[in-house]
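Below you'll find the structure, written out as structure tokens, and then a few comments.
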Amino acid sequence: MESSKIKEVTVFTDGDSSKLSTWSNVPYFFTETLLGKGIKVNRVDISESAQLCRVYNKFFDPFVKRMSKDTSYTYFRSRLHYSNVRKRVKKAVRTYKNSDVFLFLTLSFSSVGLTDKPTVMFGDWTYDYYIKHFLNRQPDCFERSCIKRDRRQIEKADLVLPLFPGIAGYMKENYSNPEIRYLGNVVNSLLLVSEKEILEKKRNSKELLFIGRKNAYLEGAEQLIKAVSLLKNDYPDVKVHIIGMKDSDFESLPDNVCCYGYLDKADDNRRNLYYTLLQNARFIVNTTPKWGAFSSMIEAMYFYNPVITTPYGEFTETFGKNIDFGYYSDGQSAEELAGQIKSGLQSPDYIQMCIRSHQSVEHFTWSAYVDKVIGILEDKLRVKN
């Protein structure tokens, strides 16, 4: 009888999974945790072919844009890219034939049909969910063709792991695969924190932290800046630190707002700056409607930061509709946000809020998450053998 223990995993990622900069650090933490548990990891980069992307952009993209000017369909979503990735997956399956599992950190590609070994798909949300929820429209004909391909992969995979509970619920309602499972979330932190030291830094802090890129979170950043301007007379020493955007992303900025751009954790200096900002902040704030940068939010919570965010579905499903470690904002009113910031600056319960915020996510460890994944897969192998 073959062993049911997982000894070797081949991991496919859109980018280099050994780099912290790839997809919000998730591939790095996933693969490094597997390695830490004594499992051999074969890394396969399935990112775009620059040559084929140029061909697509020259000959196909203009036609697509003429047919549907607002489409999100690009080379990454094209049949050309899918075929190229499929060839690379097929080659990897042959090369790493001793793998017990083929793990895809994406919900668009898999080894389904290429091997009888378990295929696992892990991701944040599906393409159809992105279009319907974030773009708030129905997919066009090009997008639908990609969604159909994704569906075939998802419905035939041995295990599908959405990163968020609401996405998992959506997928269970819209996909026939019974092995769609939500196993919890994870904090992507390289640094262990000391409660005593970090609370001492926060006790008198007047610094507000915002994390997010311009293309997704500019609205939330602008609202925070406006809210703080409303507090200027009463709290002239409050500062706003924005990670993920540059000064040039705004028309103008007041003196008490500092932008740092993207802080790559692979760079020692920028990583140290990132963690310094997390430790010194009074609150983590992101009131962008529909999505408040969940991963960076829970990482900030791990660093004892109370939150101010909108009550979007994934956050409320994870932490509840009432929280005792911060405030829910309607995401519409700078005046309301200013009032919540003022309450946070004055709150006699502030330190307890910090502690409760950390306690809410301290069990979101990569080690615990990977143990759950391994347990499920070993059970499957045990039944199969």
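The values are calculated or read from the model by the stated rules, or taken from the named source; none is laboratory data. As the structure is a prediction and not an experimental result, all values here were calculated from the model. A quick note on method: Cβ atoms are made from the backbone with ideal geometry, for glycine too, and the neighbour counts reach across all protein chains shown. Surface accessibility is based on the protein's heavy atoms, side chains included, excluding ligands, DNA and RNA. Shrake-Rupley method; radii C 1.70, N 1.55, O 1.52, S 1.80 Å.
Within the range 166-176, take every residue that is touching a helix residue (DSSP H, G or I) at 6+ places or on another chain (Cβ under 9 Å) and open to solvent by 10 Å² or more (accessible area, probe 1.4 Å) and give me the one that is nearest to Trp23 (Cα to Cα).
By that ranking, first place goes to Gly166.
Does the range 74-91 include one or more residues that are open to solvent by less than 20 Å² (accessible area, probe 1.4 Å), farther than 29 Å from Leu135 by Cα and either of a type in the set (Gly, Ala, Ser) or touching a residue at least 12 places away in the same chain (Cβ under 8 Å) (or both)?
Yes, the range 74-91 contains at least one residue that is open to solvent by less than 20 Å² (accessible area, probe 1.4 Å), farther than 29 Å from Leu135 by Cα and either of a type in the set (Gly, Ala, Ser) or touching a residue at least 12 places away in the same chain (Cβ under 8 Å) (or both).
If the Cβ limit is 7 Å and pairs must be 6+ apart or interchain, which residue in the range 40-64 that is closer than 30 Å to Val370 by Cβ pairs with which residue that is assigned to a loop (DSSP other than H, G, I, E, B) and open to solvent by less than 50 Å² (accessible area, probe 1.4 Å)?
Filtered contacts from the range 40-64: Asn42/Ser99; Arg43/Ser17; Asp45/Gly15; Ile46/Phe109; Ser47/Gly15.
Pairs under 7 Å by beta carbon, first residue modelled with pLDDT of 95 or more in the range 360-385, partner open to solvent by 60 Å² or more (accessible area, probe 1.4 Å), six or more apart or different chains?
Qualifying pairs under 7 Å: Val370/Lys37; Glu378/Lys5.
How many residues does the range 34-56 contain that are open to solvent by less than 70 Å² (accessible area, probe 1.4 Å), in contact with a helix residue (DSSP H, G or I) (Cβ under 7 Å, 6 or more places away or on another chain) and more than 24 Å from Lys97 (Cβ to Cβ)?
4
Within the range 233-240, does at least one residue satisfy the condition of being over 22 Å from the mean Cα position of the chain (by Cα), assigned to a helix (DSSP H, G or I) and farther than 19 Å from Ser24 by Cα?
Within the range 233-240 (the criterion being over 22 Å from the mean Cα position of the chain (by Cα), assigned to a helix (DSSP H, G or I) and farther than 19 Å from Ser24 by Cα), the answer is no, since none of the residues qualifies.
Kindly evaluate Ser111 against the criterion of being more than 15 Å from Ile147 (Cβ to Cβ), of a type in the set (Ser, Thr, Tyr) and open to solvent by less than 10 Å² (accessible area, probe 1.4 Å).
yes
For the range 134-155, check the following and say yes or no: at least one residue is open to solvent by less than 70 Å² (accessible area, probe 1.4 Å), part of a helix (DSSP H, G or I) and at pLDDT below 95.
Checked the range 134-155: at least one residue is open to solvent by less than 70 Å² (accessible area, probe 1.4 Å), part of a helix (DSSP H, G or I) and at pLDDT below 95.
Would a scan of the range 289-299 turn up a residue that is in a loop (DSSP other than H, G, I, E, B), at pLDDT 95 or above and of a type in the set (Ser, Thr, Tyr)?
Among the residues of the range 289-299, not one is in a loop (DSSP other than H, G, I, E, B), at pLDDT 95 or above and of a type in the set (Ser, Thr, Tyr), which makes the answer no.
So in the range 264-278, with the set limited to residues that are open to solvent by 40 Å² or more (accessible area, probe 1.4 Å) and in a helix (DSSP H, G or I), which one is nearest to Asn188 (Cα to Cα)?
Within the range 264-278, the match that is nearest to Asn188 (Cα to Cα) is Arg271.
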